[in-house]
1. Give the number of residues within the range 216-228 that are among the hydroxyl-bearing types (Ser, Thr, Tyr) and either in contact with a helix residue (DSSP H, G or I) (Cβ under 6 Å, 6 or more places away or on another chain) or not in a helix (DSSP H, G or I) (or both).
2. Would you point out which residue out of 45, 39, 15, 33 is touching a helix residue (DSSP H, G or I) at 6+ places or on another chain (Cβ under 8 Å) and surrounded by fewer than 21 Cβ atoms within 10 Å (Cβ to Cβ)?
3. Looking only at the range 154-204, count every residue that is acidic (Asp, Glu) and either under 30 Å from residue 276 (Cα atoms) or part of a helix (DSSP H, G or I) (or both) and tell me the total.
4. Just one of 280, 231, 242, 291 is part of a loop (DSSP other than H, G, I, E, B) and either free of Cβ contacts under 8 Å to residues at least 40 places away in the same chain or touching a Ser or Thr at 6+ places or on another chain (Cβ under 9 Å) (or both); which is it?
5. Determine if the range 98-114 includes at least one residue that is of a type in the set (Gly, Ala, Ser) and in a loop (DSSP other than H, G, I, E, B).
6. Those residues that are exposed (fewer than 15 other Cβ atoms within 10 Å of the Cβ) and touching a Pro at 6+ places or on another chain (Cβ under 9 Å), I need them from the range 217-247; list them, please.
7. Would you be able to say whether some residue in the range 305-322 is in contact with a Leu (Cβ under 6 Å, 6 or more places away or on another chain) and either β-branched (Val, Ile, Thr) or at negative phi (or both)?
8. Yes or no: residue 212 over 30 Å from residue 318 (Cβ atoms), in contact with a helix residue (DSSP H, G or I) (Cβ under 8 Å, 6 or more places away or on another chain) and surrounded by 14 or more Cβ atoms within 10 Å (Cβ to Cβ)?
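What follows is calculated from the coordinates using simple rules that are stated; it is not laboratory data. No experiment lies behind these values; they were computed from the predicted model shown. When we count neighbours, we look across all protein chains shown, and the Cβ atoms used for this are built from the backbone with ideal geometry, even at glycine.
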Amino acid sequence: MRFLLDDEQRAFARSLDAMLTAADTPSIVRDWSRGRHASGRALWSRLAEAGVFALAVPEEYGGLGPRPVEVAVAFVELGRHAVPGPVVETVAAAALLAALDDTGPAKRLLPALASGESAATLATGPYALDADMADVRLTVVTRDAELRLAPPPGRPHPSLDRARRLFAPAAGGELLAAGAQVSGAVTQGLTWGRLAAAAQCLGLGLALLDQTVAYARQRTQFGVPIGSFQAVRHQLADARIALEFARPLLFGAALTMTPADVAAAKVTASEAAYTTARTALQLHGAIGYTAEYDLSLWLTKARALRTAWGGPEECRALVLSGGDRRW
């Protein structure tokens with residue numbers, strides 16, 4: 001049996017690819033890393049108009065979803081173009097809010113997330129991504145099983161990927177929900193966030209591979225392109241195999257949306273992207289280390305996303321447990 005994207009899903013991917021190619025995302029990423037959000041906000045609005053964020057929001061709150069397969073399709077393209085901002089966090093926050101027993105917070109916050117009027121970040125650990133630009137800052141207080149709407153944060157913390165601006169969640173804030181319902185909703189939010197992050201990793205890996213193949217055809221040693229060397233071909237082939245192995249796991253997980261399947265997709269896609277990043281860096285040589293060279297934007301993001309939303313060890317443990325582990 002073969003599982004393929006339908007014509008509408010493929011057209012959606014092509015439209016996002018065309019939009020993001022025209023947007024010059026490397027310039028947006030560099031602005032974002034300096035805390036300049038104007039160009040990124042403009043791109044956010046265009047993504048929202050295309051329906052990207054509405055895919056995770058149920059129809060009763062102004063969305064188009066839940067449609068996890070389409071979310072995976074969209075986030076492969078977002079990863080392919082290294083789109084900055086709390087895109088994964090907005091999807092995860094939407095899924096979490098929709099899963100609460102109390103519909104009050106969902107009615108209040110989800111329509112603006114679906115339309116792109118608001119961006120969200122979600123902190124379930126020590127840091128919140130891009131909390132300085134997010135309009136909705138959700139913080140999970142584990143010890144009290146509380147979900148809070150956090151106040152503005154302080155100064156950012158250093159990050160390997162400078163476009164992933166990390167902030168410690170501010171204490172206090174409005175209480176949105178508490179008790180057992182928070183646990184189940186957070187699990188739902190984490191599953192959706194992990195799926196989107198896995199798709200981002202696959203897109204990052206595909207972009208890194210494409211850039212490296214093109215470079216291997218141009219760079220010469222001993223008077224011939226390095227892509228003609230058998231050792232280089234083997235490295236590129238290994239990267240391609242790893243990425244293609246991750247693809248069916250990603251879309252299979254989007255169909256089932258079980259925590260174990262999504263964790264398997266995340267670890268496979270993130271490891272494939274990380275392997276491809278290492279290959280890209282080795283074949284590019286010293287130029288790959290320079291911040292001025294666009295490749296670095298994909299390299300640092302692939303490394304950062306390897307551990308975001310569940311690192312390899314955590315995801316493997318979740319797979320082995322059958323998805324029974326809670327946050």
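1. So the first thing to find is which residues in the range 216-228 are among the hydroxyl-bearing types (Ser, Thr, Tyr), and the list is 220, 228.
Now narrow it down to the ones that are either in contact with a helix residue (DSSP H, G or I) (Cβ under 6 Å, 6 or more places away or on another chain) or not in a helix (DSSP H, G or I) (or both): 220.
Of the residues in the range 216-228, 1 are among the hydroxyl-bearing types (Ser, Thr, Tyr) and either in contact with a helix residue (DSSP H, G or I) (Cβ under 6 Å, 6 or more places away or on another chain) or not in a helix (DSSP H, G or I) (or both).
2. On the way: 45 fails: touching a helix residue (DSSP H, G or I) at 6+ places or on another chain (Cβ under 8 Å); 15 fails: touching a helix residue (DSSP H, G or I) at 6+ places or on another chain (Cβ under 8 Å); 33 fails: touching a helix residue (DSSP H, G or I) at 6+ places or on another chain (Cβ under 8 Å).
Criteria check complete, one pass: 39.
3. Just the residues of the range 154-204 that are acidic (Asp, Glu), to begin with: 161, 174.
Pick out the ones that are also either under 30 Å from residue 276 (Cα atoms) or part of a helix (DSSP H, G or I) (or both) and you get 161.
Result for the range 154-204: 1.
4. Values: 280 fails: part of a loop (DSSP other than H, G, I, E, B); 231 fails: part of a loop (DSSP other than H, G, I, E, B); 242 fails: part of a loop (DSSP other than H, G, I, E, B).
Exactly one of 280, 231, 242, 291 is part of a loop (DSSP other than H, G, I, E, B) and either free of Cβ contacts under 8 Å to residues at least 40 places away in the same chain or touching a Ser or Thr at 6+ places or on another chain (Cβ under 9 Å) (or both), namely 291.
5. no
6. 217, 218 - these are the residues of the range 217-247 that are exposed (fewer than 15 other Cβ atoms within 10 Å of the Cβ) and touching a Pro at 6+ places or on another chain (Cβ under 9 Å).
7. The initial filter retains those residues of the range 305-322 that are in contact with a Leu (Cβ under 6 Å, 6 or more places away or on another chain), namely none.
So far as the range 305-322 goes, no, none of its residues is in contact with a Leu (Cβ under 6 Å, 6 or more places away or on another chain) and either β-branched (Val, Ile, Thr) or at negative phi (or both).
8. On the way: over 30 Å from residue 318 (Cβ atoms): yes; in contact with a helix residue (DSSP H, G or I) (Cβ under 8 Å, 6 or more places away or on another chain): yes; surrounded by 14 or more Cβ atoms within 10 Å (Cβ to Cβ): yes.
So residue 212 fits the description; yes.
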